[in-house]
There are 2 protein chains.
Amino acid sequence: MIGRYEVGSRNGVVYADDLAVGDRFELGSYTVTEQELVEFAGQWDPQSFHIDRESAEGGYFGGLIASGVHTIAICQRLTVTSLYNDWSVIAGKCFRNVNFLRPVRPGEVLTGSMLIDNVVLDDRGRGLVTAAAEIVNGDGKPMLTMVTEMFMRSRP
Amino acid sequence: MIGRYEVGSRNGVVYADDLAVGDRFELGSYTVTEQELVEFAGQWDPQSFHIDRESAEGGYFGGLIASGVHTIAICQRLTVTSLYNDWSVIAGKCFRNVNFLRPVRPGEVLTGSMLIDNVVLDDRGRGLVTAAAEIVNGDGKPMLTMVTEMFMRSRP
């Protein structure tokens, strides 16, 4: 099952109990520009290999690489705009195993997918949903994997 | 041992082998404004409880709360400006156990600290450093805990 349109829902909202282990969703793509890469890191992660092109070219990676926090932010944006805006999310509980597998470089096209790993309903009208996201680059190589646990509302 | 000035270093740079399990660092403080909270989430996590004050006031938390990605970004900024800019960081490898313990609300003052959990030197001139960060609010209540694994250069 791929894509949000195949998830059962009422009134257009996806509740915790509409999700099942193994459900898989495509999150779409996002291109990270050098300007955005440098601006994001300048504000949130001002290390030289993220913000100083000259220094980065002589450094470990031979050029600028994106902040890992930026890559997480891109993954979150892709997930919200393709899924969560129709989902009954209460809030995130945690991220686990956020792996920065390869350096993300300017101009790369990042494409995401998400797999539902677990759904646990409680007696307070909520469900704890565990979802594993993966971001790949234009060559299909994994750049980021991360697991999110979030509370969602159950179907009223 | 608290504070970067008590870490041994040569030439002003802190290498992996200058760090020891149990070293603790203060990261300073950061105030998250409502404007920044909404702008960050508008770009990276546009869920209603992050970006729509009116909807948020009638919702689960009774008001706007910061994106968890924003809180991670603040933690990273505090760490870079107080520590990593003097440390021989190569790159992050992963974040583990990123726990969003309480909702971060507009105007809160977030203060960070970091504890070195592990240092493993390899034979390629690097060390894998594991560090646990904690962000507390003005009442000293934990808001975010996360563990970072990063590669640093060993002392040349």
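Laboratory data are not the source of any read-out in this text; all were calculated from the coordinates shown. Since this is a predicted model, take the numbers as computed values, not measurements. Glycine gets a Cβ as well: all are built from the backbone with ideal geometry, and neighbour counts include every protein chain shown.
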Using label points projected 7 Å from each Cα along Cα→Cβ, tell me how many nm separate B:T31 and B:E54, to one decimal. 2.9 nm
Label-point separation in nm, A:Q43 to A:D17, each point 7 Å along Cα→Cβ: 4.0 nm
With springs only between Cα atoms under 10 Å, which of B:V109, B:V89, B:V120 fluctuates most in a Gaussian network model of chain B? B:V120
Which distance in Å, rounded to a whole number, links the C-alpha centroids of the stretch A:80-129 and the stretch B:110-150? 23 Å
Pick out which of B:D139, B:D117, B:D52 has the largest mean-square fluctuation in a Gaussian network model of chain B, springs linking Cα atoms closer than 10 Å. B:D139
Using a 7 Å Cα-to-Cβ projection, A:S55 label spacings across copies, nm, ascending: 4.0
Is there a quick way to get the dipole size of the stretch A:51-156? I mean about its Cα centre, with the Cβ of Lys and Arg at +1 and of Asp and Glu at -1; what is the value in debye to the nearest 20? 320 debye
About the Cα centre of the protein assembly as shown, how large is the charge dipole given +1 on each Lys and Arg Cβ and -1 on each Asp and Glu Cβ? Please answer in debye to the nearest 20. 440 debye
Enter the angle in degrees (range 0 to 90, nearest 10) between the Cα long axis of helix A:68-82 and the first principal axis of the Cα atoms of chain A, meaning the one along which they spread out most. 40 degrees
Please find the FRET efficiency linking B:D117 to B:T81, where r is the Cβ-Cβ separation and R0 is fixed at 22 Å, and quote it to the nearest 0.05. 0.55
Output the 0 to 90 degree angle, nearest 10, between the alpha-carbon long axis of helix B:34-44 and the longest principal axis computed from the alpha carbons of chain B. 80 degrees
Can you put B:R124, B:R105, A:R102 in order, fewest other beta carbons within 10 Å first? B:R124, A:R102, B:R105
Please list, short to long, the whole-number percent of alpha-carbon pairs of the protein assembly as shown in consecutive 10 angstrom bins beginning at zero. 6, 27, 34, 23, 9, 2, 0
For the stretch A:19-156, shape from the Cα gyration tensor axes a ≥ b ≥ c, cut at a/c of 1.5 then a/b versus b/c, turns out prolate
In a Gaussian network model of chain A with springs linking alpha carbons closer than 10 Å, the residue among A:T71, A:T145, A:T81 that fluctuates most is A:T81
Least to most buried among B:L110, B:L101 (fewest other Cβ within 10 Å first): B:L101, B:L110
Lysines with Cα under 20 Å of A:K141, excluding same-chain neighbours fewer than 8 positions away: B:K93
